[in-house]
Amino acid sequence: MQAYRNAELWSARKAMLAALEQGLDTLGQHIVVLDPHQRIEFATDGARRLLGDTLANRRGLPDEIRAWITEHHDRRPAAEPLIRDIAGNTVLVRLLPNKRSDRREVLLLENGTGQLSVNALRSLGLTQREAETLHAVALGQSPLQTAQRMGIATRTVEKHLQHIYDKLGVRGLSQATATAWAAVGVQRSLTA
C-alpha cells in the first residue's frame with residue numbers, strides 16, 4: 001500500500017513540476033537548480049535550450065556563470081543580472097536569494113536583448129526624467145552620481161525615485177532596480 005501511495009505522490013509531483021515548467025516557459029523564464037558544489041541538479045527544458053551544448057556535453061555551467069555565482073555567493077544576490085551570449089542567445093542570468101539550509105542555489109534564466117534602455121523603462125509608465133533616473137541607478141550609479149550626471153539636485157533625484165517607487169508599486173531602490181532589469185525582457189516581448 002505504501003509503495004502505491006509513493007507512486008501516486010511521485011506522479012502528482014511530476015505533473016506539478018511539468019505544469020510549473022510550462023508556466024515558466026510561457027513567461028520566457030527558465031530555472032537551473034545547483035547543488036552545493038555548483039553542479040546542475042535540475043534544469044527546465046527551456047534552460048537546457050538556452051544553455052545549449054554546455055548541458056548537452058555534460059560540461060555543466062559555462063565558466064563565466066560559475067565565476068559570477070562565486071562572486072555573488074557571500075552577499076545578497078545583485079538585482080543586476082549577468083548578461084552573456086551563450087550558444088548564440090543573449091541570456092540574462094539572475095541568482096535568486098536563498099534562504100534554504102541545503103545550500104542549493106537557483107538561477108533564473110531569461111532570453112533578453114541585454115539592453116536596458118530608457119525606452120524600455122518608459123514602457124513601465126515612467127516619465128522621460130524618471131526613466132533616465134531609474135536607468136542610471138539600475139546601472140549602479142548612486143543618487144549623487146545620477147544627480148551630477150543629469151545636472152540636477154540630489155533632492156530632485158530622490159523625488160524622481162519616490163515617484164518611480166509609487167508608479168512601479170515597489171518599496172525601495174533594490175526592487176525598482178529589479179523591475180528595471182525585468183523590463184529588458186518586457187522590451188524584447190513587445191518588439192518580438
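The values are calculated or read from the model by the stated rules, or taken from the named source; none is laboratory data. Keep in mind that what you see is a predicted model, and the values were worked out from it rather than measured. Using ideal geometry, Cβ is built from the backbone for each residue, glycine included, and neighbour counts are taken over all protein chains shown.
Here is how the numbers come out for the structure above:
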quantity	calculated
Residues located in the stretch 97-117, provided they are modelled with pLDDT of 80 or more and either assigned to a loop (DSSP other than H, G, I, E, B) or over 30 Å from Glu132 (Cα atoms) (or both)	Ser101, Asp102, Arg103, Arg104, Glu105, Val106
Selection status of Ala182, modelled with pLDDT under 80 and outside the structural domain of Ala43 (by TED's automatic domain parsing)	yes
All positions within the stretch 1-52 that are surrounded by 12 or more Cβ atoms within 10 Å (Cβ to Cβ), part of a loop (DSSP other than H, G, I, E, B) and in contact (Cβ under 8 Å) with a residue 60 or more places away in the chain	Gly28, Asp35, Gln38
Of all residues making up the stretch 145-178, the number that are over 26 Å from the mean Cα position of the chain (by Cα), part of a helix (DSSP H, G or I) and not charged (D, E, K, R)	5
Residue in the stretch 154-162 that is at pLDDT 90 or above, out of contact with any Lys or Arg (no Cβ under 7 Å at 6 or more places or on another chain) and within 25 Å of Leu92 (Cα to Cα) present	yes
Out of Gly125, Gly151, sole residue that is touching a Lys or Arg at 6+ places or on another chain (Cβ under 9 Å) and surrounded by fewer than 15 Cβ atoms within 10 Å (Cβ to Cβ)	Gly125
Count - residues of the stretch 120-144 that are within 20 Å of the chain's Cα centre (by Cα) and either within 27 Å of Ile65 (Cα to Cα) or not assigned by TED's automatic domain parsing to the domain that holds Gln175 (or both)	10
Among the candidates Arg58, Arg84, Arg76, residue that is charged (D, E, K, R) and either modelled with pLDDT of 75 or more or surrounded by 12 or more Cβ atoms within 10 Å (Cβ to Cβ) (or both)	Arg84
